[in-house]
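One structure is given below, encoded as structure tokens.
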Amino acid sequence: MIETQPIDKTVLLHLAFKGLTERELQEMAALSHISMYPPEYTLCHEGAHEEVFYVIADGIATISKNISEQDGERILRIASKGDLVGEMALIQNVPRSATVRTLTNCTVLEMDKKSFETMLSRSPSMAINIIRTTLDRIRENDQIAIQDLQNTNKVLHHLDRNKLEFIQVAAHELRTPLTVLKGYVNVLSSFPEIKNNPVLGEVMDGIIKGADRMHEVVNTMLDVTRIDSETLKIRSAPVPLKGVITETAQIISKAAAERNIELIVEQDPNTPNINADPSLVQKALYHLIVNAIKYTPDGGKVTINSYPIIMDIDTPGVEISVKDTGIGLDAEHHELIFEKFYQVGEATVHSSGKTTFKGGGPGLGLAIVRGVARSHGGKTWVESLRHDETNFPGSTFYLQLPIDPPASSSK
Ligand code: ADP
């Protein structure tokens, strides 16, 4: 830092504080001093408690903010002659919200917190002036943030489309050889040499189970692309809901029994039939029940309930709840788990059966449930106190569907 010969501080201060009287400007000038800094010098450090503010007299400085570890710093504004920087931390007694760095040689007027406070208490017009500048700046920063969010949203939307296209291509590419593989395996397992050889029989069983699981994952991938597609129109037909729930539970009951999990279906006798896409409704129920089993330890309980409700805007509908005695979920994940590929904590890396306790999955089940709910004009959500693998507080997932889907979603 090099002290330079005095420049006209009052003229400079007038640029930054337009409403101040000549006397106030002179008082302020007397409490401040002029300094010069070389390029790349940091005047304000984001996050630091610093007690000086600056008015740029000559040169250019950047005001930047750390966005994230990956994205690094982002320049919010450029400050030049007459601009006030670093005053917010003095008013609020909070750490610096941004970094101010000289881009060229900079001459600045500096004032420390104590002198600044003396001035503020003496001059109401200066206080108002600073409030105005600060509000303008907040508004400006809001605009930048909104613009950023809009751009990010566009990029995310685009990436999401690409991701869906990739899933679709990958799933189609996998499905054909998988079908061929399953065909050959079926032929092979009927050979007497294999049928009568317990070791080879077990090996074949393993291959069949693996291929079936892969088939299921590939189908889930295709379901998610279909359901997530913006053009999805559901094929609405009468759905005997009570029967569909019982049937879906039946399909999964063997897996539940293997893990000693009690699967209870409790249905209000007044559970209405609905008009919906039967295969989509069954898929949603399937994923909810499979998850309930997967995230519940052996010996637990899963209860499925259904009852009539009145949805928002007086629409008659039905609510299905799937309650488990499993590991539960912290509130911060309650929304995010419905996103494609979102999994809580570290994804399980080992391949496991679809109902193994905490077995790894593709992270698509709940995205399908949400897609089904939305495409029918319904909704889905979870209630759970917390994640706790000692006391198992459990979770309850809800699926609400209207008796008649909105006209726009069916064909
Ligand atoms: P996957 O089960 O294949 O990981 P899902 O989309 O079905 O994917 O679920 C997303 C995440 O939500 C899971 O990884 C799990 O962390 C959490 N989750 C889903 N259902 C339950 C449940 N019944 N209890 C606790 N956590 C659950």
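Readers should treat all values here as calculations from the given coordinates under stated rules, not as data from a laboratory. Fair warning: this is a prediction, and the values are worked out from it, not measured in the lab. Note that each Cβ is placed from the backbone with ideal geometry, even for glycine, and that neighbours are counted across all protein chains shown.
If you look for lysine pairs in region 65-207 that are eight or more places apart or on different chains, how many of them have Cα atoms under 30 Å apart?
Counting lysine pairs in region 65-207 gives 9.
Tell me, Kirkwood radius of region 233-409 from alpha-carbon pair distances, in Å?
16.3 Å
What residues have an amide H closer than 5 Å to that of Leu76, excluding those fewer than 5 places away on the same chain, when H is modeled at 1.01 Å from N in the peptide plane?
Result for Leu76 returns Ile63, Ser64, Lys65.
Among 20-29, 290-299, how do they line up by average Cβ neighbours within 10 Å per residue, starting with the highest?
With the highest mean Cβ count within 10 Å placed first, the list reads 290-299, 20-29.
Based solely on C-alpha atoms, express the radius of gyration and the Dmax of the chain in angstrom.
When restricted to Cα atoms, the chain yields Rg and Dmax of 32.3, 107 Å.
Can you list residues from other chains, or at least 5 along the same chain, whose modelled amide H is less than 5 Å from the amide H of Val265?
The answer is Ile304.
Given R₀ = 30 Å, FRET efficiency for Thr21-Ile91 by Cβ-Cβ distance, to 0.05?
Between Thr21 and Ile91 the formula returns 0.90.
Starting from the Cα of Lys358, draw a straight line to each of the lysines and keep only those under 21 Å, dropping any in the same chain fewer than 8 residues away.
Lys209, Lys254, Lys283, Lys294, Lys301, Lys323, Lys340
Please name whichever of Ala237, Ile144, Gly394 sits farthest to the positive end of the charge dipole of the chain, dipole taken about the Cα centre and charges placed at Cβ: Lys and Arg +1, Asp and Glu -1.
Ala237
Starting at the first residue of region 179-186, write each ³J(HN,Hα) from the Karplus equation 6.51 cos²θ - 1.76 cosθ + 1.60 with θ = phi - 60°, in whole Hz, x for Gly and Pro.
Working through the residues one at a time gives 5, 4, 4, 5, x, 4, 4, 4 Hz.
Based on the Cα coordinates of region 150-226, what is the per residue volume of their convex hull in Å³?
Taking only Cα atoms, region 150-226 has a hull volume of 74 Å³ per residue.
May I ask for the net charge around Asp330, where only other residues with Cβ less than 10 Å from the Cβ of Asp330 are counted and Lys, Arg are +1 while Asp, Glu are -1?
-1
Rounded to whole Hz and in sequence order, give me ³J(HN,Hα) for region 244-254 from the Karplus expression 6.51 cos²θ - 1.76 cosθ + 1.60, θ = phi - 60°, writing x for Gly and Pro.
Coupling constants for region 244-254: 5, 5, 4, 5, 5, 5, 4, 4, 9, 4, 5 Hz.
From the phi angles alone, apply the Karplus equation (6.51, -1.76, 1.60; θ = phi - 60°) to region 277-283 and give each ³J(HN,Hα) in whole Hz, x where the residue is Gly or Pro.
Once θ is set to phi - 60°, the couplings for region 277-283 become 7, x, 6, 5, 4, 5, 4 Hz.
If you add up the charges near His287, with Lys and Arg at +1 and Asp and Glu at -1, over every other residue whose beta carbon is less than 12 angstrom from its beta carbon, what do you get?
So the surrounding residues net to +2.
Could you tell me the distance between the Cα centroids of region 164-178 and region 75-141, to the nearest Å?
The two parts, judged by their Cα centres, are 57 Å apart.
Can you list the residues, at least 5 places off or on another chain, whose amide H is less than 5 Å from the amide H of Ile234, using H built in the peptide plane?
Ser410, Lys411
Treat every Asp and Glu Cβ in the chain as -1 and every Lys and Arg Cβ as +1, leave all other atoms uncharged, and give the resulting dipole magnitude about the Cα centre to the nearest 20 debye.
The dipole magnitude comes to about 1040 debye.
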